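The values are calculated or read from the model by the stated rules, or taken from the named source; none is laboratory data. It should be emphasised that the depicted structure is a prediction, and the values quoted were computed from it without experimental measurement. Cβ atoms come from the backbone with ideal geometry, glycine included; neighbour counts cover every protein chain shown.
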Amino acid sequence: MRRLPLLGILLALLLALTLVMAACGGEKEPAASPEPTAPATDFPLTVTRSDGRNLTIAEAPQRIASLSPAATEVLYAVGAGPQIVATDLQSDYPAEAENTTKLDAFQPNLEAIAGVEADLIIIASNQDDIVEALDRLGETVLFIEVPDTIDGVMGQVWLLARVSGHAEEGGRLAQEMKDRMRAVTDKLADVEEGPRVYHELDNTFFTVAPNSFVGDFYSLLKAHNIAEGAPTAYPQLSQEEILDRDPEVIILADADAGESAQTVKARPGWGVISAVKNDRIYVVDPNIVSRPGPRVADALEQLARVLYPEKFP
Amino acid sequence: MRRARALAAPDPQADAFAGEEAFALPGVRPLRISLLLALAAVLAAVLLGASQGSVGIPFTTVVRILASKVLGLGSVTWPETWEEIIWQIRLPRVILAGLVGATLAFSGAAYQGILRNPLADPYLIGVAAGAGLGATIVLVSPVPYAFGTLSLLPPAAFVGAVLAVSISYGLARSGGVAPNVTLILAGVAISAAATSAMSFLIMANHERVATVLSWLLGGFNTATWQKVGIVLPYSLVGGAAVLASARFLNVLQLDEEEAQQLGVPVERVKLLVIVTASLATAAAVSVSGLIGFVGLIVPHTVRLLWGFDYRRLVPMSMAAGAVFLILADLAARSVLSPSEVPVGVVTALCGAPFFLWLLRRHRRAVF
């Protein structure tokens, strides 16, 4: 059947796309990241979107639609909660987000998004060219792709605080996050080279490379990511490569698919891996670790505890 | 001009009851020698697949590890990791790829013969869509689908595939006869329905999309001996049944009515081949996902190279399918090492140009 190879290619494209979404990975586009030293909120405010276009926001938005779970978390954290009228289906934190109108960011419905009459729409993934479609309708769309570094995440926290009219709270939040992360990295000052680590996104061995923001956690923590040198930000590793690179710690972000320390230990051949021998397999919550929002500080602390239990009792 | 001559050439199916080499091309070797060479090619591919990988292990060490594991020869002088990589990861992967390749290829040849349709492949009457739907249901359900080394995925995909084919066949059959066109149309309709249901489930459960798609795309990165054990019995039974039906498949290339008059139990052969080939394909799909192209193109390639006789076509398709998928998987895990490429992408990207080149070179009727 002629259709099958084509179907395969389509599936491959879809898979690549969804992995990027699921892992909250982004393109290499520089994220819109103004300097935190910029003057406090002064509307009208002009910012640069991930597609390179400038967006001018005339006055503080009163009806915000967030189609990004990370942006939703930031907005609530800086006190913009009352302005939020709609969030996407994946926005499940904080709990208040569940009470807003729900939109689909994965299969965006133009009519539904326009229908909430938001004066600011935040989008992290340009599914089906939804950004251009909303632009044509004259909507105010802030398109910010997932950054590839923790610095990029901090930049977006600050940006979202400013565009929502909460620059002051944003400054405080960013400072608090930085202090917490600094406290972690300070404790690692004397670490020369941390443990080798394998971060599992799913049970077909997709993982995070150092050039993704999740991979950046491990760089900050001085751990040696076994996916180093992979050609993409979210590569799929060969099993033999995992065995050969012998991770000392395995981080599982796929517990919802049924994976656990037990299932990893039961995989044929994996018994030779140090992490398996020494029982250093840990489950993390992907909603905390894979979301470029205010909880990156929590993620860094959690990962530090499992990588260096002696330093973080 | 040349094409016209090709079409006017004597119909190779005309003397289906002639001797062993009835359809052999001039210069084609006797069947036994061909089979021996094919077996040697498969063994060479297995050895190549087992000795190559992103982790560099010297060829002699690979051979010594295999000798020690299979024959109990020699003493262990290599790192434990290497032994595990060869024995628990590469070898099951290579064997599984070969087994799935052989299964898809002989099933494809059987479907093409039984349905007398050159576009037929093992997925045509519902196996692919049924397996996909079964797997998706398990993947999106809130129940965890993995329990230790046991996974609900293969059985669910298998049941889905078998159900879809059964429904297609059941719908097409009336008065003890399942006409080919009705069977194909029923299969296409069932596939469309199952695919839509699958798409709906995927879209309604975004968080599992990546898992579902990664399964559908197929591949051998998670191959284990356990999976080899799942496929092997179905492949053996299916392969034996199709091999045993080869003579009937030759006669079936005539008009079905003529075949009936010549004493071929057309409907019974059809049912036997469809049941066994579908079960084997379902088992293969359940552990490796939907790998396209092999089941369609490998049998046609064998026809172009070695002629139309199903007694040769079926075993040569098995060998060619095994070699092709082992090499495709080797490429899938090598080109972007240490990353993987979906094997279906490799089969289509490498297989299609080769087949087109062959088609141009021979310039004669393929089917």
- Message: Between a residue in the stretch A:265-292 that is under 24 Å from A:Gln90 (Cβ atoms) and any residue that is among the hydroxyl-bearing types (Ser, Thr, Tyr), which pairs come within a Cβ distance under 7 Å, given they are 6 or more apart or on different chains?
- Response: A:Val283/A:Ser260; A:Asn287/A:Tyr93
- Item | Which listed residue is exposed (fewer than 13 other Cβ atoms within 10 Å of the Cβ), of a type in the set (A, V, I, L, M), assigned to a helix (DSSP H, G or I) and away from every other protein chain (no Cβ under 14 Å), from B:Ala41, B:Ala67 | B:Ala67
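Every residue, every condition in (1) surrounded by 20 or more Cβ atoms within 10 Å (Cβ to Cβ); (2) under 22 Å from B:Gly175 (Cβ atoms), yes or no:
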site	(1), (2)
B:Gly187	yes, yes
B:Leu201	no, no
B:Asn205	no, no
B:Trp225	no, no
B:Gly229	no, no
B:Ala241	no, no
B:Phe248	yes, yes
B:Glu257	no, yes
B:Leu262	no, yes
- May I ask you to say which residue of A:Ala105, A:Ala65, A:Ala60 is part of a loop (DSSP other than H, G, I, E, B) and in contact with a Leu (Cβ under 8 Å, 6 or more places away or on another chain)? A:Ala105
- Can you find even one residue in the stretch B:287-299 that is over 24 Å from B:Ala129 (Cβ atoms) and either assigned to a loop (DSSP other than H, G, I, E, B) or acidic (Asp, Glu) (or both)? no
- Message: Can you go through A:Val153, A:Val85, A:Val141, A:Val74 and tell me which one is crowded, with 24+ Cβ neighbours inside 10 Å, over 21 Å from A:Asp298 (Cα atoms) and modelled with pLDDT of 95 or more?
- Response: A:Val141
- Task: Answer yes if at least one residue in the stretch B:89-109 is facing chain A (nearest Cβ under 9 Å), assigned to a helix (DSSP H, G or I) and either touching a Pro at 6+ places or on another chain (Cβ under 8 Å) or without any contact (Cβ under 8 Å) to a residue 40 or more places away in the chain (or both), and no otherwise.
- Result: yes
- Hey, B:Val159 in contact with a Gly (Cβ under 9 Å, 6 or more places away or on another chain) and free of Cβ contacts under 8 Å to residues at least 60 places away in the same chain or not: yes
- Give just the number: which of (1) within 29 Å of B:Leu163 (Cβ to Cβ); (2) buried (at least 22 other Cβ atoms within 10 Å of the Cβ); (3) out of contact with any helix residue (DSSP H, G or I) (no Cβ under 7 Å at 6 or more places or on another chain) does B:Ser339 not satisfy? (1)
- Message: Take the residues in the stretch B:307-326 that are within 18 Å of B:Leu96 (Cβ to Cβ) and of a type in the set (A, V, I, L, M); name whichever of them is farthest from the other protein chains (Cβ to nearest Cβ).
- Response: B:Ala319
- May I ask you to list pairs of residues, at least six apart or on different chains, whose Cβ atoms are under 8 Å apart, with the first in the stretch A:99-122 being among the polar types (S, T, N, Q) and the second being surrounded by fewer than 22 Cβ atoms within 10 Å (Cβ to Cβ) and assigned to a helix (DSSP H, G or I)? A:Gln107/A:Gln127; A:Gln107/A:Asp128; A:Gln107/B:Met203
- Pairs only if they're at least six apart or on different chains, beta carbon under 6 angstrom, first in the stretch B:187-208 and closer than 20 Å to A:Gly258 by Cβ and of a type outside the set (Asp, Glu), second at pLDDT below 95 and part of a helix (DSSP H, G or I); list them, first residue then second. B:Leu201/B:Thr136; B:Leu201/B:Val140; B:Ile202/B:Val209; B:Ile202/B:Val212; B:Asn205/B:Val140; B:Arg208/B:Leu139; B:Arg208/B:Val140
- Note on the structure: Selection from the stretch A:293-308 of residues in contact with a helix residue (DSSP H, G or I) (Cβ under 9 Å, 6 or more places away or on another chain) and not in a loop (DSSP other than H, G, I, E, B) yields A:Val296, A:Ala297, A:Asp298, A:Ala299, A:Leu300, A:Glu301, A:Gln302, A:Leu303, A:Ala304, A:Leu307
- Among the residues of the stretch A:265-289 satisfying the criterion of being at the interface with chain B (Cβ under 7 Å from one of its Cβ atoms) and hydrophobic (A, V, I, L, M, F, W, C), which is surrounded by the fewest Cβ atoms within 10 Å (Cβ to Cβ)? A:Ala266
- Message: Any residue that is within 14 Å of another protein chain (Cβ to nearest Cβ), of a type in the set (Ser, Thr, Tyr), closer than 27 Å to A:Val208 by Cα and out of contact with any His (no Cβ under 7 Å at 6 or more places or on another chain) - is there at least one of those in the stretch A:50-57?
- Response: no
- Query: Is the stretch B:197-213 home to any residue that is among the hydroxyl-bearing types (Ser, Thr, Tyr), closer than 30 Å to B:Trp87 by Cβ and more than 18 Å from the chain's Cα centre (by Cα)?
  - Reply: yes
- Query: Any idea which residue in the stretch A:219-229 is nearest to the other protein chains (Cβ to nearest Cβ), counting only those that are outside any loop (DSSP other than H, G, I, E, B) and of a type outside the set (A, V, I, L, M)?
  - Reply: A:Asn225
- If we keep only residues of the stretch B:133-152 that are within 10 Å of chain A (Cβ to nearest Cβ) and not in a loop (DSSP other than H, G, I, E, B), then the residue modelled with the highest pLDDT is B:Leu139
- Query: Of everything in the stretch B:327-345 that's assigned to a helix (DSSP H, G or I) and closer than 16 Å to B:Trp215 by Cβ, which residue is nearest to the other protein chains (Cβ to nearest Cβ)?
  - Reply: B:Gly344
- Message: Test of understanding: among B:Val76, B:Val62, which residue is within 14 Å of chain A (Cβ to nearest Cβ), touching a helix residue (DSSP H, G or I) at 6+ places or on another chain (Cβ under 9 Å) and not in a helix (DSSP H, G or I)?
- Response: B:Val76
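Yes/no matrix, rows are residues, columns are (1) of a type in the set (Asp, Glu); (2) within 14 Å of chain B (Cβ to nearest Cβ); (3) not in a helix (DSSP H, G or I):
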{"site": "A:Gly194", "(1), (2), (3)": "no, no, yes"}
{"site": "A:Val197", "(1), (2), (3)": "no, no, yes"}
{"site": "A:Thr204", "(1), (2), (3)": "no, yes, yes"}
{"site": "A:Pro210", "(1), (2), (3)": "no, yes, yes"}
{"site": "A:Pro231", "(1), (2), (3)": "no, yes, yes"}
{"site": "A:Tyr234", "(1), (2), (3)": "no, yes, yes"}
{"site": "A:Thr263", "(1), (2), (3)": "no, yes, no"}
{"site": "A:Arg291", "(1), (2), (3)": "no, yes, yes"}
{"site": "A:Glu310", "(1), (2), (3)": "yes, no, yes"}
- Query: If only one of B:Thr301, B:Thr281 is away from every other protein chain (no Cβ under 14 Å) and either of a type outside the set (Lys, Arg) or buried (at least 19 other Cβ atoms within 10 Å of the Cβ) (or both), which one is it?
  - Reply: B:Thr301
